[in-house]
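Here's the structure we're looking at; comments come further down.
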Amino acid sequence: MRNIFYFLFSIFYFLIVPSLLSSIETKGYTVKTKIISDERMDVTFELKDYEITKVTRESRDFSRIKLKGAGLTEVTGKPELPTVTILFGMPSAGDFETVVKNINTVSKTIPFVYPVQSVSVGPTKGSKFEMDKYYGKSLFYPDAFYFSKEVGFFRDHRIGSILFYPFRYNPKKKTLKIIKKATFSIYFHKKENEKGTIRIPRRNSPGELLFSKLVINYEKSKFWLKRHPLPGPLKPRQSDNLYKIATDKEGLYQITYTDIVNAGIDPTTIIPDELHISHRGFEIPIYVKGEEDSVFNREDYIDFFAERIKGEETYFNPYTDENIYWLSFGDSLGKRMVEEDGTPSDSVNCIVSTSFWDTLHFEVDSLFVRFPLTTADSSDVWFWDRLDGPDTLIVNIFIPSPDTLINFDLSIMLHGYTTDIIGHKVNVYWNDIYYGQYTWSGQRPYNIKIENIPGELLKEGENTITFIVPQPPIDTLSNGKIIYHVDGIYTNWLEISYNHLLDAVDNNITFKTPTEIVDTTYEFRINNYDFADVEIYKRNVSKIINFKKEIYQEGGKTKYRFIFQDRDITGLMNFTVLPIWEKLKPLRIEKIELRDLHSTANRAEYLIITHNSLKSSAENYALWKETHGFNCMVATTDEIYNVFNDGIENPEAIRTFIKYAYDYYAEPPLYCLLFGDGTYDYKGLRGHSGNLVPVHLSWIRSPLWGPTADDEYFVRVSGDDHLPDIFIGRFPIRTDEEFDRIFEKTKIYADYQNLDEWKKDLVFVGDSAWYIDSLENVHVTYYSFPEMEKIIRDYLPPAFDASRCYHLRKNREDFLKEMDEGALFVNFLSHGGGDILCGGDFLISNDIYRMTNLDRMTFWTAFSCVNGFFAEPHPDSISIGETVFLAPNGGGIGYYGPGSLTYGGSNFNLSCKIFDGIFNERLLYLGQFLAYGEIEYFAASGNKNQLSTYNLLGDPGIKLALPDTTRIDLSLSPPSLSPGDTLTVQGFIHGSPSGEAVITFFSIKDTAVTPYKKINASVSSGNFTASTTIPDTLLPGKGIVKVYFRGENKDGVGYEYYNIEQPNISSVKIIPKNPTREDSVYVTARIFDPDSIIQAGVKWKPKGDSNWNEITMIPDTMDTFITASPIPPQSPDTTVEFKIYATDSLGNIDTSRIYSYHITALAELSFVNKNIYLDGDTIVEINVDVQNLGETAADSFRV
């Protein structure tokens, strides 16, 4: 018997082989990717269209290169050149390398490329025109045509980049080197991840969608995820009896029976020897009076020492003056300060101490100062006083009980402010005795140290130190110009180190033991007390009992001296001697239920952080957000401080909490709303409250600013980089009433959808400004109109309307009218200040209150200076950004603006990336498209300052009211016509809804798009039609029809072009649709003109060639034309570009845009390995792994 086997051959293709090339077609270049393997990806850049224009500046012609979709270099004085940033996903651990496979370049000779100008767009005098000395060298800039680097992590995804320079310029030779095409291979070298859990993101989540829009290899890289750390051991369960004690001074505190009762504690529940007080997680020893009977009686009390809260780098803590201690009881025996016998004995050989070495610190924080330069001290932003020469400052300081027989030391910390070439000079006097002139230069700290000053110069009580800054010099130059020099400095603090006698001041003294202790008994004699009833404590060690009291007379008054001996001491141990009624009292004692913010079961997709005073409002907002599909969690700053910083106020605790939630929560934060105002004045030093949800101050290191509120700092929690990982915004509110107003605005915007044409309107505001050196020297500092036009041209879809409010062409009232009529978006690219935009004669904060656009609110982006500054403590000093957000009758739904001075070029580049995210990538949540723009911008520029200064005032989870819920198809008949003819519009709304279509007819002249007719048409089952007569006044050229549809809870926009007295080219197609290397290609198009077509043709070339080939087109059917002969077959991996032209009988010409098609490479099949697997009994399957490295799809092959 013969066995017959049937073979079924199975091929398993790796998912790593897409391999049709993907392409970005909305820019002046293409970027194509090919996945070769897990370890390799090829990236091909190809230049499509660019433009070189001429500009004149400083009586000289310059070249400017425009490449649609590209960024621009930002190095001041160097050539301004387009840059292309290619982002890709990377394995979460390991390295990568980039190798150039091939490159195709051409060169051109052009005038100097325009240099980058570092022009501030704030209300400051701009700098003069800057050209780097590079312009005299024969070197190409940049020195390489690409750089590759890791950008950082966005959430769990690691991002790398190639920063590509398609253009490089040599100024000596005036040569522009142009890269037409370049291919890179990126090799990934993976490493094992650290232990942890991988969290698979939801494919349709806004965060994952953002990542998919950022990188060119999303399908491959979406599972290269960073591991989250494993949860640590559970924290021990808190005591049921936990009380928070607030202190604000250093010293001995007492908690009495009455204090216990007032804190809500039943004293009968207390077992005294189970009382505990802890600080920053460590228990401290306390003294409990009367604990021996195990009952806390009315006469019992608790004594403990509290420390002054210090800063990590400063004497004062920058965030709070309150130190926090924790009282608990009922679980174990507590630490105690014991009673220690201090009886003096004449028989003991001892060292008698009558003084100690003491250091007194004098500092007053009264002036908040921004030092922008890198030489400045970034650890301290509060200063005592300012001197501007000529100036004198006298400081009175109190020195208690000095030993005038011992020399003393003086330390003074000053800080230079002005940067004049003359530097700084200050004369210092101690008690009117001159001690020298001290000099330094620049914006830097300066520490004056004067040692071994004779002790007789110390006075008991008041002493003075005098600073004199002399008159700065005045120079007269040879040309007669007078230069007035300046010298400005700040005083920060003083320290006096001296020998302090053991004499009490106001019946109180705290003293230290010597630094070096001899192993013997010490006797301490403390004088100058008015009362005999005192207590002596050795800090955190013991209470001294049985000390000796002596009475003596001084100045006719009875005084007391206290003497005790101690052998058990160490260096720098503190003793405190004070009357029992001078013990300090806690500011408050309150019961605390620690919230379980460590639970990994918490869900916080939308995390709201607020202040206790706004908690109820925040919870109401969370309930409303949950009705819109968000999982919300509300946490107060106090709850966060209690769990993550031992109750002590510090904005760093907020970031620690957010990072913990991101790493461990079952649903980590994707959105974060800081629900409350914050200021740089954390402690209310200027007398104002308002620091409800504190800011983090990041240092903007530029010549123009310094510490700046940086909300995104809190959400940079994945990886050590500058990318935001969570969409964040802030409600800068201080009261529930302010919240009620913005809540009403937000609900109107999100719930009541005012479907009308305002949703397709965008307002663009630009300006120019100058300063004058003399009648002959007028310097333009910033001129934003051309850049705004580039944004409109490159990023705004034709269906939307751009309104240009260019100051000085339009004024304040024009803009306010635009706002009241409603607009989807307003974009400022202009000068500005805290409460002004485009100069005070265009828009100020008070103007916002005049707006009445409550049901047509705008989202604002303001690329200017300081106008998003919300961190000012004074309630009446609010920026224009805050005003826009808080205005009760309109203004805006959100505001994105800077808190510092910024630069025009950087602002333009960031603005472009944000518009790209909205209109090209369709990212519509406020936080989502802002994060997209920032990540794209940062990857290209590396400019951390720009990301640190821009903040969103608003809800990051609000969706921009873009009319995009349906799609409109339009057909115009005829597509080309003459004045007096009738143009008919036929439209179809996808989904076949009913409603109303608003049809607007425009003429186009250069960049001016002017409406001349509007028709409202009824829509039935998705269909509508409308007609209008072309006015006799229209000149030959193009026009556009725009349609806005509104139906039940949906709207959309559409557009179509038509021609006036010139041919109209539309419906362009190629035959075959997907040509291969063997195919000849015909081009067809509908070409219509009422005056008949006398000539039509196609010009074509392989992409990268400079010469166009031409083929005549002939009529085919009706208005359809076809090429008389085909475009011949092309090699695989060739892109063919073509454009169509047509001429009518009157000589009018129309040329289409450039179209392209690609000849795909054939399938390239190969075995992944040489293993063949047989499977089956009577029917045997042969299994083999095959990969396709080509572009043509293949699902089988012959065996």
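The values are calculated or read from the model by the stated rules, or taken from the named source; none is laboratory data. Quick caveat, the model's predicted, so the values are computed rather than measured. Glycine gets a Cβ as well: all are built from the backbone with ideal geometry, and neighbour counts include every protein chain shown.
Computed quantities for the displayed model
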| read-out | value |
| --- | --- |
| Any strands (runs of 3 or more DSSP E) falling wholly within the range 677-762 and containing at least 1 residues that are out of contact with any Pro (no Cβ under 9 Å at 6 or more places or on another chain) | 707-709, 727-731 |
| Selected residue (criterion: nearest to L47 (Cα to Cα)) from residues of the range 133-156 that are among the aromatic types (F, W, Y) and touching a residue at least 60 places away in the same chain (Cβ under 8 Å) | Y141 |
| Selected residue (criterion: farthest from G729 (Cα to Cα)) from residues of the range 644-683 that are among the acidic types (D, E) and in contact (Cβ under 8 Å) with a residue 60 or more places away in the chain | D646 |
| Residue satisfying condition, being closer than 23 Å to R922 by Cβ, surrounded by fewer than 21 Cβ atoms within 10 Å (Cβ to Cβ) and either outside the structural domain of Y621 (by TED's automatic domain parsing) or at pLDDT below 95 (or both), within set D955, D969 | D969 |
| Residue list for the range 159-179, restricted to those being surrounded by 18 or more Cβ atoms within 10 Å (Cβ to Cβ), out of contact with any Lys or Arg (no Cβ under 6 Å at 6 or more places or on another chain) and either assigned to a loop (DSSP other than H, G, I, E, B) or among the charged types (D, E, K, R) (or both) | Y165, P166, P171 |
| Qualifying residue in the range 54-71 (condition: part of a strand (DSSP E or B), free of Cβ contacts under 8 Å to residues at least 12 places away in the same chain and of a type outside the set (K, R)) | yes |
| Members of the range 182-229 found to be polar (S, T, N, Q) and part of a helix (DSSP H, G or I), listed by number | S212, S221 |
| Residues satisfying the stated conditions in the range 36-73, i.e. in contact with a helix residue (DSSP H, G or I) (Cβ under 8 Å, 6 or more places away or on another chain) and crowded, with 21+ Cβ neighbours inside 10 Å | M41, G71, L72 |
| Hits in the range 421-431 - residues which are in a loop (DSSP other than H, G, I, E, B) and in contact with a Ser or Thr (Cβ under 7 Å, 6 or more places away or on another chain) | G423, N431 |
| Top-ranked residue in the range 252-272 [being of a type outside the set (F, W, Y) and touching a Leu at 6+ places or on another chain (Cβ under 8 Å); ranked as farthest from P579 (Cα to Cα)] | I255 |
| Residue within the range 254-262 that is assigned to a strand (DSSP E or B) and closer than 30 Å to R686 by Cα present | no |
| Cβ-Cβ under 8 Å pairs, at least 6 apart or on other chains, the range 1013-1032 side on the phi > 0 side of the Ramachandran plot, far side of a type in the set (A, V, I, L, M) and part of a strand (DSSP E or B) | G1022/I989 |
| Scope the range 509-534; condition surrounded by fewer than 20 Cβ atoms within 10 Å (Cβ to Cβ), under 51 Å from the mean Cα position of the chain (by Cα) and modelled with pLDDT of 95 or more; matching residues | T510 |
| Set D341, D403, D388, D346: member being touching a Gly at 6+ places or on another chain (Cβ under 8 Å), under 25 Å from Q565 (Cα atoms) and of a type in the set (D, E) | D403 |
| Criterion (outside any strand (DSSP E or B) and of a type outside the set (D, E)) met by exactly one of T439, T392, T418 | T418 |
| Failed item in (1) in the same structural domain as A635 (by TED's automatic domain parsing); (2) at pLDDT below 90; (3) within 27 Å of Y849 (Cα to Cα), with G706 passing the rest | (3) |
| Which numbered condition T256 fails, given (1) under 30 Å from D365 (Cα atoms); (2) at pLDDT 95 or above | (1) |
| Extreme residue, nearest to T746 (Cα to Cα), among residues of the range 950-982 that are among the small types (G, A, S) and within 33 Å of the chain's Cα centre (by Cα) | G954 |
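For (1) buried (at least 19 other Cβ atoms within 10 Å of the Cβ); (2) modelled with pLDDT under 95; (3) assigned by TED's automatic domain parsing to the domain that holds L697; (4) of a type in the set (S, T, N, Q), each residue gets a yes or a no:
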site	(1), (2), (3), (4)
T600	no, yes, no, yes
H611	yes, no, yes, no
S617	yes, no, yes, yes
Y621	yes, no, yes, no
V634	yes, no, yes, no
F644	yes, no, yes, no
G647	yes, no, yes, no
A653	yes, no, yes, no
